[in-house]
1. (1) of a type in the set (S, T, N, Q); (2) modelled with pLDDT of 75 or more; (3) more than 44 Å from the chain's Cα centre (by Cα): which one isn't true of T95, the others all being true?
2. Pairs under 6 Å by beta carbon, first residue surrounded by 10 or more Cβ atoms within 10 Å (Cβ to Cβ) in region 83-111, partner of a type in the set (G, A, S), six or more apart or different chains?
3. In region 126-162, what residues are modelled with pLDDT under 70 and surrounded by 10 or more Cβ atoms within 10 Å (Cβ to Cβ)?
4. Can you find even one residue in region 75-97 that is among the hydroxyl-bearing types (S, T, Y), outside any helix (DSSP H, G or I) and out of contact with any His (no Cβ under 9 Å at 6 or more places or on another chain)?
Amino acid sequence: MSTLTQGHRIRQDQSARKAASSAAGRRPYLIINGATMVAIAAIALTVIGILYLIQTSEVAQLGYDLSRLQSQRDTVTMEISELEYEVARYESLQTVEEVAVTQLGMTPMSNYEFIEIQQPAERNLTIPAPAEPEKQSFFERVVDAVFGVGSAESERADMSQYTLGDD
């Protein structure tokens, strides 16, 4: 063997010894053996169990709250139905007459007369023409615009075609 190959081999052996001695000198950070694995598994199962119990109790509490709210809704719905019935009862003519007589002291009308009204003699009544609006000066229109005073102007439809009464 040549001295070159021998020197190379010696260096490799020295570097391997250094690596082995440094690995033996360093302690591993965490040694995991069977007891450690069982302890970690027990802790994990305990945490999962506690979370499950918390979630289950929360769901049960929400169920109780839902039941309580449904009961309140049913009670309020019943009250609304009772109030609607009472309103309908007070709107009936018989109840109105009863309240008028008993509470307000009114009496039924006994003397009444019918009045006849004649139709107008002229069936086609005409609608008068609208009055011409006053003409404003330029200055008055500017002042009105500044202060927000407006006027509505539109062409009126011909209303002479409409009549009063039956044809």
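The values are calculated or read from the model by the stated rules, or taken from the named source; none is laboratory data. Predicted, not measured: the structure shown is a model, and the values here were computed from it. Neighbour counts run over all protein chains shown; Cβ positions are idealised from the backbone, glycine included.
1. Going through (1) of a type in the set (S, T, N, Q); (2) modelled with pLDDT of 75 or more; (3) more than 44 Å from the chain's Cα centre (by Cα) one by one, T95 breaks only (3).
2. Listed by first residue and then by second, the contacts come to M106/A100.
3. M159, S160, Y162 - these are the residues of region 126-162 that are modelled with pLDDT under 70 and surrounded by 10 or more Cβ atoms within 10 Å (Cβ to Cβ).
4. yes
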